[in-house]
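Asks: Here you go, one structure.
No value in this document is a laboratory result; all are computed from the given coordinates. Quick caveat, the model's predicted, so the values are computed rather than measured. Note that we place each Cβ from the backbone using ideal geometry, even for glycine, and neighbour counts take in every protein chain shown.
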Amino acid sequence: EGWYNLGHLLWEEDGTDAGVDGGIGDDGAHLSKTTKEKAMDAFHKAMELDDADAIYFVASQYLSHGEIEESEEEESRDNDDKTLLWNTYNQYGSTFIDSLLQSTRDTLDLTTASAAEELPYLAMNELQKHGYQLLHIASHSHNHGPALHHLALLHVQHNNDDAKEFRNLLAKAVKTGNPDSLFLQGHCQYSGSDGYEQNFTAALQNFLEASENGHVDAMVSAGAMLHNGIAIEEGDGTKTKKNVIVIERDQQRAFELYQQAGELGSLEGWRNVVSCYATGQGVPKCLETATYIANTMLKDDTSIER
């Protein structure tokens, strides 16, 4: 973890020549080239020690290259990043991939033509192909949740004729406890999409498990299901049909989830908290509290009527 943590610190460093904090969540564009090179060296040291987080981080940098820029400033920044990535690739490149493969076992032979052609998107340039190879190693050799989730998304976006493989990859990511994967699988189960059968009970379970891991959208989704409850219409082989409750209404729990999401930064969570206080659902009715929250936590939200 030492080399990976050093890479993080360098990537996030607010250097005197940078002037702006380039967080790990962005592309690090505000960092000086020298600092980014040092960060990449540290990440590769971590990768030599089979650090899956480092492998996935570097993979995502290569894969994110080639996105369409929206301004000249972004285009210039992208060119700087391209230079850094090409320098890093030329320094490490395929030889580094070979050394990783010698110490790990992957489920796909990355030297075959089929690997490069598995996702046509990756044929755009050598950097993205290199990123995909690293992503595959992080996913299948290290069972890395975020990497598996990323791989599943790439698959469904660029090879959506095979929903089964998407579900297999997503299921593997879910088993690691990755909250984004739990939320996505829950969404698919709720809507009955991407090859999943509609299953409200399973969807709620995934939303709640993702919520326990801090996923705010999952908190809002679980809250919405519990707020109203869900009943489905079932027949008994005759013309008689009846409503069967599959999700019991629990407005107090829904309110708690909304509030938790709001406290973690979700505007939708705060909107629902306001609604609960205004209507007395899940919490004693208090228009004063509803107004206070609307005027503080949602003061810039134009969708709220004052």
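Asks: Please give the length that would be gained between Lys299 and Lys82 if that part of the chain were fully extended, namely 0.36 nm times their separation in residues minus their C-alpha to C-alpha distance (nm, one decimal).
Replies: The Lys299-Lys82 span can extend by a further 74.1 nm.
Asks: For the residue pair His158 and Asn199, what label-to-label distance in nm results when each label sits 7 Å from Cα along the Cα-to-beta-carbon direction?
Replies: Reported label-point gap for His158 and Asn199 is 3.0 nm.
Asks: Note the full-extension length gain between Gln91 and Glu37 as 0.36 nm times their separation in residues minus their Cα-Cα distance, in nm to one decimal.
Replies: 18.4 nm
Asks: Here's another thing I want to ask about it. Which value in nm describes the separation of the simple spin-label points at Lys175 and Arg253, placed 7 Å from the Cα toward the beta carbon?
Replies: The modelled label-to-label distance comes out at 2.7 nm.
Asks: When the distances between all Cα atoms of segment 246-306 are binned every 5 Å from zero, what whole-number percent does each bin get?
Replies: 4, 21, 30, 25, 13, 4, 2, 0
Asks: Related question: Tell me, in nm to one decimal, what length is gained between Glu288 and Lys241 on full extension, where the rule is 0.36 nm per residue of separation less the Cα-Cα distance?
Replies: Stretched out fully, the Glu288 to Lys241 stretch lengthens by 12.5 nm.
Asks: What do you get when you divide the Cα radius of gyration of segment 123-203 by 2.2 N^0.38 Å, with N the number of residues?
Replies: Scaled against compact globular proteins, the figure is 1.12.
Asks: Further question: Could you estimate the translational diffusion coefficient of segment 172-268 from the Stokes-Einstein equation, with Rh from the Kirkwood formula over C-alpha pairs, at 10 °C and 1.306 mPa s, in whole µm²/s?
Replies: Value of D from the Cα-based Kirkwood radius: 114 µm²/s.
Asks: Below 8 Å, C-alpha to C-alpha, sequence gap of six or more: please give me the relative contact order for segment 154-231 in percent.
Replies: 23 percent
Asks: Filter Lys129/Lys175; Lys172/Lys241; Lys172/Lys242; Lys45/Lys129 down to the pairs with a C-alpha to C-alpha distance above 30 Å, please.
Replies: Correct reply: Lys172/Lys241; Lys172/Lys242.
Asks: Obtain the nm distance between the two label points defined at Lys45 and Leu101 by a simple spin-label model: each point lies 7 Å from its Cα along the Cα-to-C-beta direction.
Replies: Placing both labels 7 Å beyond Cα along the Cβ direction yields 2.7 nm.
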